[in-house]
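Structure record follows, encoded as structure tokens.
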Amino acid sequence: MTRAMGAAMRRIHVGNALSAFGLGFTVPYLYVYVAQVRGLGGMTAGLVLAVFAVAALIVLPFAGRAIVRRGPRPVLIVALVLAAVGSMSLGLAGSAGAVLVSAAALGAGQAVMQPALATMIVECSTAETRSRAFAMQFFLQNLGLGVGGLIGGHLVDTTSASSFTLLFGIEAAMFLVLAGVMATVRMPHSPAIGDAPSQSAKGAWKQLLGNRAMVQLSVLGFVMFFACYGQFESGLSAYGVEAAGISTSALGTALAANTAMIVVAQFAVLKFVERRRRSRVIAGVGLIWALAWVTAGYAGLGHGSQEMATAAFVSTYALFGLGEAMLSPTVAPLVADLAPEGMAGQYNSAFALVKQLALAVGPAVGGPLGASLPGPYVVTFLVFSLGISVLAVRLGRQLTAVQDQPWRAKGSLVVARGAVEPVGADA
């Protein structure tokens with residue numbers, strides 16, 4: 001990395017941590033705030049969560065083109081200002097209409113942040129440093145969310161709307177601070193990995209859909225987000241409470257175990273995955289998550305003591321965290337390396353759209369299934385986790401040697417007159 005890349009990357013990471021810190025203040029308490037503190041009921045609170053997903057699905061198809069045309073930094077700054085307005089408005093809203101409009105602004109802003117930040121990281125890294133950069137981003141996100149949630153929990157008072165206004169105000173302030181930090185970043189031009197053929201921005205979506213490896217990765221991504229992230233706060237928690245008899249405090253402990261595993265294991269895991277095929281790492285995550293679902297099955301369907309059930313349920317979340325730590329330096333850099341030069345924003349936005357679809361469908365399917373049919377619920381997502389391994393192995397056949405093993409890029413790419421000679425897939 002050049003000195004300019006390093007300086008830009010440090011600012012991006014600092015800003016990313018501040019943003020996650022601000023989100024941690026409000027995310028765990030959003031439902032309680034709308035339903036109880038503002039007295040708008042559970043239906044309105046559920047609609048607020050749905051509005052977040054809908055807003056993301058609406059803006060993400062346009063975000064990629066905007067990032068390609070304008071660059072990731074101005075798009076990110078606009079998204080941050082929009083999110084800050086939405087957050088502050090949500091903290092002051094007293095009616096259902098105002099809450100829903102504010103949630104739409106906040107959800108749209110948050111949705112665009114992800115591909116814009118990812119594209120900035122791509123432009124400030126090389127093929128050799130990209131995995132570590134995304135691992136650092138994921139580490140700081142979880143650390144910021146955890147610390148923000150911990151502090152927010154001590155500030156919040158369910159009998160006082162003003163305490164929630166303070167939380168949303170802090171979140172809005174963090175977004176604006178991040179916008180200020182991003183405004184000072186000088187974006188360098190980094191060399192792109194050269195296995196993907198160069199394409200123009202015209203007809204970007206058609207070209208993206210013509211990239212078989214990217215299509216397979218998107219399908220794989222949908223299954224991953226559906227089977228893991230889409231179950232955390234819906235199906236798996238409903239299963240734990242109804243089938244395993246888990247208390248709300250134990251559920252909080254399980255979520256904390258997930259975050260703790262990511263924070264503690266991230267860089268130890270990074271050393272393990274950096275020199276291994278990306279497709280094999282993802283396949284390994286599928287097996288780890290299959291083990292997590294077997295453990296969850298013991299928690300809710302076994303005949304052990306309540307203490308053993310609770311320990312198994314907490315272990316389930318920790319195993320999911322281990323898999324997440326393995327994915328963070330693997331999937332996001334792979335999306336970037338599949339993108340033709342100048343199209344990283346489009347590809348990042350497309351993958352973010354897939355994630356949002358999975359996060360919208362996952363709770364809708366998993367929540368009722370986990371609460372009413374615990375046996376089929378566990379078996380269904382055990383099969384999905386094994387499916388991740390199968391899809392990852394198939395994806396590996398579509399990747400070139402450098403895309404699947406990026407450490408080969410430094411010694412195997414010959415650059416001349418702006419062109420790159422690709423390595424054969426059997427290298």
Restricting region 41-50 to residues that are open to solvent by 30 Å² or more (accessible area, probe 1.4 Å) and of a type in the set (A, V, I, L, M), the residue that is farthest from Leu143 (Cα to Cα): Met43
Is at least one residue of region 364-374 buried (at least 17 other Cβ atoms within 10 Å of the Cβ) and among the hydroxyl-bearing types (Ser, Thr, Tyr)? no
Would you please list the contacts, defined by Cβ atoms under 9 Å and residues six or more apart or on different chains, that run from a residue in region 146-168 that is free of Cβ contacts under 8 Å to residues at least 40 places away in the same chain and open to solvent by 10 Å² or more (accessible area, probe 1.4 Å) to a residue that is small (Gly, Ala, Ser) and assigned to a loop (DSSP other than H, G, I, E, B)? none
Candidates Val27, Val51, Val32, filtered to the one that is out of contact with any Phe, Trp or Tyr (no Cβ under 8 Å at 6 or more places or on another chain), among the β-branched types (Val, Ile, Thr) and modelled with pLDDT of 85 or more: Val51
Here's a check for you: in region 242-253, which residue that is within 13 Å of Ala312 (Cα to Cα) and not in a loop (DSSP other than H, G, I, E, B) is least open to solvent (accessible area, probe 1.4 Å)? Ala250
Only one residue in Ala352, Ala360, Ala364, Ala371 is out of contact with any Lys or Arg (no Cβ under 7 Å at 6 or more places or on another chain), under 23 Å from Ser125 (Cα atoms) and part of a helix (DSSP H, G or I). Which one? Ala352
Consider Phe139 carefully, then state whether it is touching a residue at least 24 places away in the same chain (Cβ under 8 Å), open to solvent by less than 10 Å² (accessible area, probe 1.4 Å) and in contact with a helix residue (DSSP H, G or I) (Cβ under 6 Å, 6 or more places away or on another chain). no
State whether one or more residues within region 329-347 are in a helix (DSSP H, G or I), closer than 23 Å to Leu301 by Cβ and open to solvent by 10 Å² or more (accessible area, probe 1.4 Å). no
Which of (1) at pLDDT below 70; (2) farther than 17 Å from Gly342 by Cα does Asp195 not meet, given it meets every other one? (2)
Note down all Cβ pairs under 6 Å where the first residue falls in region 288-315 and is within 22 Å of Ile388 (Cα to Cα), the second is surrounded by fewer than 20 Cβ atoms within 10 Å (Cβ to Cβ) and not aliphatic (A, V, I, L, M), and they're at least six residues apart or on different chains. Thr295/Ser315
Among the candidates Ala265, Ala256, Ala299, single out the residue that is open to solvent by 20 Å² or more (accessible area, probe 1.4 Å) and in a helix (DSSP H, G or I). Ala256
So, in region 7-40, exactly how many residues are open to solvent by 50 Å² or more (accessible area, probe 1.4 Å) and either in contact with a Lys or Arg (Cβ under 9 Å, 6 or more places away or on another chain) or among the charged types (D, E, K, R) (or both)? 3
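The values are calculated or read from the model by the stated rules, or taken from the named source; none is laboratory data. The structure presented is a predicted model; accordingly, all values stated were derived computationally and were not measured. Neighbour counts run over all protein chains shown; Cβ positions are idealised from the backbone, glycine included. All accessible areas refer to the heavy atoms of the entire protein, side chains included, with ligands and DNA or RNA removed. Shrake-Rupley method; radii C 1.70, N 1.55, O 1.52, S 1.80 Å.
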